[in-house]
Amino acid sequence: MTRVYNFSAGPAVLPQEVLRQAADEMLDWHGSGMSVMEMSHRGKEFISIYEAAVKDVRELLAIPHNYQVLFLQGGGIGENAIVPLNLVGRKSQPAVVDFIHTGSWSGKSIKEAKKYCKANVAASSEEKKFTAIPPRDTWKLSKDAAYVHICTNETIDGVEFQYTPDVAADTGNAPLVADMSSHILSRAIDVAKYGVIFGGAQKNIGPAGVTLVIVRDDLIGHALPICPSAFDWKMVADNSSMYNTPPTYAIYIAGLVFQWLKKQGGVEAMEQRNIAKAALLYDYLDSTGFYRNNVARDSRSRMNVPFYLSDESLNDTFLAGAKERQLLQLKGHKSVGGMRASIYNAMPVEGVQALIGYLKDFEKKYG
Ligand SMILES: *Cc1c(COP(=O)(O)O)cnc(C)c1O
């Protein structure tokens with residue numbers, strides 16, 4: 001068996017220990033004689049898997065008691081509609097929602113939310129080609145916003161918030177909503193500073209198909225009448241994420257990832273490793289003119305590292321050589337070109353070292 005180093009932005013690398021355990025348990029989960037995929041979501045076996053997953057993610061992120069942990073479907077993109085459908089009803093219609101436009105994913109959120117609210121772009125780094133988070137003191141927030149939406153890690157542009165912005169005072173206490181799809185569980189966060197946190201699983205949590213939503217109690221129960229019941233956070237919360245059949249297998253794998261994270265020392269220990277991994281790669285990219293990362297230092301993502309070769313005619317040669325060394329999925333997103341290395345929790349430091357070794361050798365040969 002060969003395992004490559006997979007730098008895909010998502011679906012992304014999972015911890016090998018987790019995959020091995022899932023393989024061992026595939027045909028017979030804990031003596032049940034069944035695969036988790038075959039279990040009733042209402043049976044005691046699956047309920048125990050679900051309860052352990054909720055308990056573990058609560059512990060990992062120190063989620064306060066007045067927040068619900070929900071497992072939904074529809075991914076991050078689905079949540080771009082589900083969030084306004086659940087939150088704008090707290091205000092008279094049409095409600096205003098503030099957005100901080102920091103890259104491709106916040107752009108998509110704005111476009112989708114416009115179907116349900118007046119979207120105010122309170123700050124944007126578009127003019128800077130999304131190479132920095134706009135400074136907090138430049139944001140033009142609305143007095144009575146239903147909520148403020150940020151994408152705390154822009155997967156395509158490689159920019160990440162390194163702090164949690166305070167927006168309450170300027171907005172009449174609007175809750176902060178964060179799309180954390182591509183860096184949730186990669187760093188410690190203060191959940192109490194957010195109204196809603198969501199993340200599609202396939203970057204840093206588990207397989208595609210489940211979306212983790214963390215929502216403060218007082219923000220539940222305001223869904224617009226047109227909101228589909230399966231996406232009404234109250235329906236989902238009142239039924240412990242089982243109003244309809246949840247993506248049981250994805251929740252099971254996410255639960256194994258949570259256990260793995262606890263064994264690694266939790267989110268704080270993971271964060272230290274992520275800081276070290278990202279520093280290795282950025283330091284090397286900064287040390288040579290042959291490669292270039294365009295993001296301002298204080299906004300650089302620890303998870304997604306886009307970079308360009310100074311001679312872009314070498315791109316295909318670069319990717320072919322990387323593949324020979326089993327370094328895969330390094331091609332940048334088509335909207336920005338270049339290269340991108342996604343180095344999520346499950347990417348070991350050895351993978352980053354192997355990538356840097358290749359970057360050096362490639363430069364020696366072609367630089
Ligand atoms: C991948 C991603 C999404 C979209 O997730 P889907 O599961 O494809 O809907 C949304 N936001 C961010 C920041 C992402 O990285």
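Within segment 1-15, the only residue that satisfies the criterion of being aliphatic (A, V, I, L, M), within 12 Å of MET303 (Cβ to Cβ) and more than 11 Å from the ligand (Cβ to nearest atom) is VAL13. Can ILE253 be described as touching a residue at least 40 places away in the same chain (Cβ under 8 Å), in the same structural domain as GLU79 (by TED's automatic domain parsing), in a helix (DSSP H, G or I) and among the aliphatic types (A, V, I, L, M)? Criteria met by ILE253. Screening segment 98-122 for residues that are surrounded by fewer than 19 Cβ atoms within 10 Å (Cβ to Cβ) and assigned to a strand (DSSP E or B) and picking the one that is farthest from the ligand (Cβ to nearest atom) gives LYS118.
Of the residues making up segment 143-162, at least one is aromatic (Phe, Trp, Tyr) and in contact with an Asp or Glu (Cβ under 8 Å, 6 or more places away or on another chain). Taken as a whole, segment 131-146 holds at least one residue that is crowded, with 17+ Cβ neighbours inside 10 Å, at pLDDT 95 or above, among the polar types (S, T, N, Q) and within 19 Å of the chain's Cα centre (by Cα). Restricting attention to segment 1-37, the residues being part of a loop (DSSP other than H, G, I, E, B) and either surrounded by 12 or more Cβ atoms within 10 Å (Cβ to Cβ) or at pLDDT 95 or above (or both) number 18.
Taking segment 48-78 on its own, how many of its residues are within 17 Å of ILE253 (Cβ to Cβ) and more than 16 Å from the ligand (Cβ to nearest atom)? Matching residues across segment 48-78 total 12. Is it fair to say ALA23 is under 27 Å from VAL267 (Cβ atoms) and not assigned by TED's automatic domain parsing to the domain that holds LEU256? For ALA23, the condition - under 27 Å from VAL267 (Cβ atoms) and not assigned by TED's automatic domain parsing to the domain that holds LEU256 - is not met.
Among residues that are buried (at least 21 other Cβ atoms within 10 Å of the Cβ) and either touching a Ser or Thr at 6+ places or on another chain (Cβ under 6 Å) or without any contact (Cβ under 8 Å) to a residue 12 or more places away in the chain (or both), ASN80 is included.
From the residues in segment 283-309 that are among the aromatic types (Phe, Trp, Tyr) and surrounded by fewer than 20 Cβ atoms within 10 Å (Cβ to Cβ), which one is nearest to LYS128 (Cα to Cα)? Residue satisfying both the conditions and the ranking: TYR308. Within the span defined as segment 213-234, one or more residues are surrounded by 21 or more Cβ atoms within 10 Å (Cβ to Cβ), at pLDDT 95 or above, within 16 Å of the ligand (Cβ to nearest atom) and under 18 Å from the mean Cα position of the chain (by Cα).
The requirement of being at pLDDT 95 or above, farther than 17 Å from VAL349 by Cα, of a type in the set (A, V, I, L, M, F, W, C) and part of a helix (DSSP H, G or I) is not satisfied by LEU280. In this structure, does VAL267 turn out to be surrounded by 17 or more Cβ atoms within 10 Å (Cβ to Cβ) and in contact with a strand residue (DSSP E or B) (Cβ under 9 Å, 6 or more places away or on another chain)? Judged against the criteria, VAL267 is not a match. Residues that are within 16 Å of the ligand (Cβ to nearest atom) and either of a type in the set (D, E, K, R) or not assigned by TED's automatic domain parsing to the domain that holds CYS227 (or both) do occur in segment 159-175. Going through (1) more than 16 Å from the ligand (Cβ to nearest atom); (2) over 20 Å from ILE205 (Cβ atoms) one by one, LEU85 falls short only on (1).
For segment 185-204, the set of residues classified as more than 20 Å from VAL236 (Cα to Cα) and within 16 Å of the ligand (Cβ to nearest atom) consists of LEU185, SER186, ARG187, ILE189, GLN202, LYS203, ASN204, listed by residue number. Put simply, of GLY351, GLY321, GLY337 the only residue that is more than 20 Å from the chain's Cα centre (by Cα) and part of a loop (DSSP other than H, G, I, E, B) is GLY337.
Whether a residue is at pLDDT 95 or above, under 20 Å from the mean Cα position of the chain (by Cα) and either in the same structural domain as THR171 (by TED's automatic domain parsing) or of a type in the set (Gly, Ala, Ser) (or both) was assessed, and SER40 does not pass this test.
The values are calculated or read from the model by the stated rules, or taken from the named source; none is laboratory data. What you see is a predicted model, and the numbers here were worked out from it, not measured in a lab. Cβ sites come from the backbone with ideal geometry, for glycine too, and all protein chains shown count toward neighbours.
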